[in-house]
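The structure under discussion appears below in the form of structure tokens.
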Amino acid sequence: MGIDLSARIPNNVDLASDEKLRRALESWQPAFLDWWKERGPEGLQTSEIYLRTAVGVDREGWAHYDYVRMPEYRWGIFLAPPEPERAIAFGDALGRPAWQQVPGELRATLRRLIVTQGDTEPASVEQQRRLGARAPSLYDLRNLLQVNVEEARHLWAMVYLLFSHFGRDGREEAEALLARESGEADHPRILGAFNRPISTWLDFFCFATFTDRDGKYQLASLAESGFDPLARTCRFMLTEEAHHLSVGEGGIRRIVARTAELMKRDPNEDARAQGGIDLPLLQRFVNHWFSESLDLFGSPDSSNAATYFATGLKGRYQESKAGMYDDHRLLDGTYAVEKPGAGGAIASDAVPLRRATNALLQDAYVRECEKSVAHWNQVLQREGIAFRIELPSPRFNRKIGPFAESAWLPSGSPARDAAAVAAHLPLAEDSTWLEALQSGSVLERGQCAQWIAAPTHKIDAQALDFEYVRLG
Ligand code: BYC
């Protein structure tokens, strides 16, 4: 399982012995690098960044730190070690050997899943490309770029699967992954949240908290796949995802801490008057990114999801973890899924379990999001501030699922109209004000913008005033 680091494309899949595949991937590589230079982080391509690079898939190897110029980053193809005699853990094929090749009848469905996953990775890099010009510190800038290079590596992970298992179709899909562009009217990214602008660092921290967490849950479901190369690919991707989530949650915690400090300093508890970010504005950004991210789970009653489960392509969260579930077939039983009832009331459908796996995954995700919000509120409580950040109701601001056709408030009550919903989302002036507050970067070692507290979590045990980025 050693990684061949000397190869043009570092890998642990023995590319050296598969001439055709190696050549195909090497012919995609220049297009990828052009994409990175055109649509990756703006203006930082010649700087040296203190980045983590995977040099092995074991505990020691996956986090090697050094200064790297981003276009020289060693993007590679890494799969978690194989599990001997791995069996499919759910669905109609429960107990059968996991597939090393794509079963013919599942080809189109599997390709669609891989392409949807792959499409989100470059999309997020595109969304975040201008944030470097308004970084609150060298530490945050480095974290942003770490997230970006790893999302780009996750693109490589999906492209490898497309090239190695889907022939000519796979090659065309890999090209299309570089052709679609976040927010473009004519050729947008596939899923909604990946076309929304990320123009401020508050957007970025919310995205990393809520949207990356959808990534964690979707990758965890695909890590259960009966298609073993996909499962192993996603398992290794998940090791990198934890840092992205901590960048998001920690970023917001530091904003909240700074805001609380500034509120206490002001006679009217007015954080804005002291140069900080007020909590009602922060709440509107939480409302936006949480509801956008819920849409990424698809419909809570989904025949697609039932097919994915039945055929063994996509399991539940930690499906194969011992003690997690008793029933891995889901042929009986239902899950209660809310829908709008008459006159603003809430009704519920008893959805057969296989059709409800999107809802099961989404509900587990919501429980984890609640923990992040509780961490932020602990800071407010400790500082004696009465305001509490809340997750909006999952009915609020939905574009997918049973609540998409009607208007609902963050409290979960019916809203008068769309304007009543919009009042709880970032207002046009919020983004303009925030962009002005966050204009320019703070690039002195150990310094931080005034709207965010200093970091508390070290990267690679380095001092917090470490030179995380050597601008060039
Ligand atoms: N926007 O039965 P339905 C990450 C489509 S994030 C637009 O309701 P299904 C990351 C759907 O495609 C994780 N369209 O849903 C995070 C379908 O279209 P088709 C990404 C949407 O299929 C941060 C139709 O509506 N990974 O990794 O059960 C940074 C009806 O679908 C949306 C995955 O998503 C939407 N929000 O579930 C970087 C995993 N939602 O097929 C990276 C792979 C649904 O009828 N994808 N539609 O044309 C999947 O598992 C599923 O495709 C979904 C949808 C969960 C997304």
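The values are calculated or read from the model by the stated rules, or taken from the named source; none is laboratory data. Just so you know, these numbers come straight off a predicted model, no measurement behind them. Positions of Cβ are generated from backbone atoms using ideal geometry, with glycine treated the same way; all protein chains shown enter the neighbour counts.
Has the range 232-244 got at least one residue that is closer than 28 Å to ARG329 by Cβ, basic (Lys, Arg) and at pLDDT 95 or above? Yes. Figure legend. Inter-residue proximity from the range 167-184: first residues over 28 Å from PRO103 (Cβ atoms), second residues acidic (Asp, Glu) and assigned to a helix (DSSP H, G or I), beta-carbon distance below 6 Å, spacing 6+ or different chains. Indicated pairs: SER182/GLU126. Among the residues of the range 415-472, those that are at pLDDT 95 or above and of a type in the set (Lys, Arg) comprise ARG416, ARG445, ARG470. Pairs linking a residue in the range 299-318 that is aliphatic (A, V, I, L, M) to a residue that is near the ligand (Cβ under 7 Å from one of its atoms), with Cβ atoms under 6 Å and 6 or more positions apart or on different chains, are ALA305/ASN358. If the condition is being within 23 Å of GLN128 (Cα to Cα), outside any loop (DSSP other than H, G, I, E, B) and out of contact with any helix residue (DSSP H, G or I) (no Cβ under 6 Å at 6 or more places or on another chain), then the range 20-50 contributes GLN29, PRO30, PHE32, LEU33, ASP34, TRP36, LYS37, GLU38, GLU48. Name the residues in the range 106-134 that are more than 8 Å from the ligand (Cβ to nearest atom) and basic (Lys, Arg), would you? Selection gives ARG107, ARG111, ARG129, ARG130, ARG134. Check whether at least one residue in the range 302-310 is more than 26 Å from PHE403 (Cβ to Cβ) and touching a helix residue (DSSP H, G or I) at 6+ places or on another chain (Cβ under 9 Å), and report yes or no. Yes, that holds for at least one residue.
If I filter the range 217-231 down to residues being assigned to a helix (DSSP H, G or I) and more than 11 Å from the ligand (Cβ to nearest atom), which single residue comes out as nearest to THR357 (Cα to Cα)?
ALA231
Could you look through the range 419-472, keep only residues that are touching a Ser or Thr at 6+ places or on another chain (Cβ under 9 Å) and among the hydroxyl-bearing types (Ser, Thr, Tyr), and pick out the one that is surrounded by the most Cβ atoms within 10 Å (Cβ to Cβ)? Ranking the qualifying residues of the range 419-472, first place goes to TYR468. Name the residues in the range 232-284 that are hydrophobic (A, V, I, L, M, F, W, C) and not in a helix (DSSP H, G or I), would you? Correct list: ALA271, ILE277. For the range 409-419, the count of residues that are in contact with a strand residue (DSSP E or B) (Cβ under 7 Å, 6 or more places away or on another chain) and farther than 30 Å from ASP266 by Cβ is at least one. Scanning the range 151-200 for residues that are more than 11 Å from the ligand (Cβ to nearest atom), part of a helix (DSSP H, G or I) and of a type in the set (Phe, Trp, Tyr) yields a total of 3. Taking the criterion of being buried (at least 18 other Cβ atoms within 10 Å of the Cβ), among the basic types (Lys, Arg) and within 30 Å of ASP140 (Cα to Cα), would at least one residue in the range 61-70 satisfy it? No, the range 61-70 contains no residue that is buried (at least 18 other Cβ atoms within 10 Å of the Cβ), among the basic types (Lys, Arg) and within 30 Å of ASP140 (Cα to Cα).
In the range 428-458, how many residues are out of contact with any helix residue (DSSP H, G or I) (no Cβ under 7 Å at 6 or more places or on another chain), assigned to a loop (DSSP other than H, G, I, E, B) and not polar (S, T, N, Q)? Talk me through it step by step, then tell me what you get.
Quick first cut of the range 428-458, residues out of contact with any helix residue (DSSP H, G or I) (no Cβ under 7 Å at 6 or more places or on another chain) only: 428-429, 431-433, 435-437, 442, 444, 446-450, 454, 456, 458.
After this cut, where a residue has to be assigned to a loop (DSSP other than H, G, I, E, B) as well, the list is 442, 444, 446-450, 454, 456, 458.
Within this subset, residues satisfying the condition of being not polar (S, T, N, Q) are 442, 444, 446, 448-449, 454, 458.
Residues flagged as out of contact with any helix residue (DSSP H, G or I) (no Cβ under 7 Å at 6 or more places or on another chain), assigned to a loop (DSSP other than H, G, I, E, B) and not polar (S, T, N, Q) within the range 428-458 amount to 7.
For the criterion of being more than 18 Å from ALA93 (Cβ to Cβ) and surrounded by fewer than 20 Cβ atoms within 10 Å (Cβ to Cβ), ALA310 fails. Take PHE210 and decide whether it is surrounded by 24 or more Cβ atoms within 10 Å (Cβ to Cβ) and either over 30 Å from ASP66 (Cα atoms) or in contact with a Gly (Cβ under 7 Å, 6 or more places away or on another chain) (or both). Taking the combined requirement at face value, the residue does not satisfy it.
For the range 293-318, a residue qualifies if it is near the ligand (Cβ under 7 Å from one of its atoms) and either under 29 Å from PHE205 (Cβ atoms) or within 19 Å of the chain's Cα centre (by Cα) (or both), and the qualifying residues are ASP295, LEU296, PHE297, GLY298, SER299, LYS314. The one condition from (1) over 24 Å from the mean Cα position of the chain (by Cα); (2) more than 23 Å from GLU249 (Cα to Cα) that LYS399 does not meet is (1).
State the number of residues belonging to the range 323-337 that are under 26 Å from the mean Cα position of the chain (by Cα) and either more than 14 Å from the ligand (Cβ to nearest atom) or within 28 Å of GLU105 (Cα to Cα) (or both).
So the count comes out to 2.
On the stretch given as the range 1-56, residues that are surrounded by fewer than 15 Cβ atoms within 10 Å (Cβ to Cβ), hydroxyl-bearing (Ser, Thr, Tyr) and under 25 Å from ASN143 (Cα atoms) total 1.
Condition check ((1) touching a helix residue (DSSP H, G or I) at 6+ places or on another chain (Cβ under 8 Å); (2) not hydroxyl-bearing (Ser, Thr, Tyr)) across all residues:
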{"residue": "LEU106", "(1), (2)": "no, yes"}
{"residue": "THR116", "(1), (2)": "no, no"}
{"residue": "ALA133", "(1), (2)": "no, yes"}
{"residue": "ARG153", "(1), (2)": "yes, yes"}
{"residue": "PHE163", "(1), (2)": "yes, yes"}
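The residues of the range 72-118 that are among the polar types (S, T, N, Q) and surrounded by 21 or more Cβ atoms within 10 Å (Cβ to Cβ) amount to a single one, GLN117. Checking LEU360, LEU353, LEU391 one by one, the residue that is farther than 20 Å from ASP301 by Cα and surrounded by 14 or more Cβ atoms within 10 Å (Cβ to Cβ) is LEU391 and no other.
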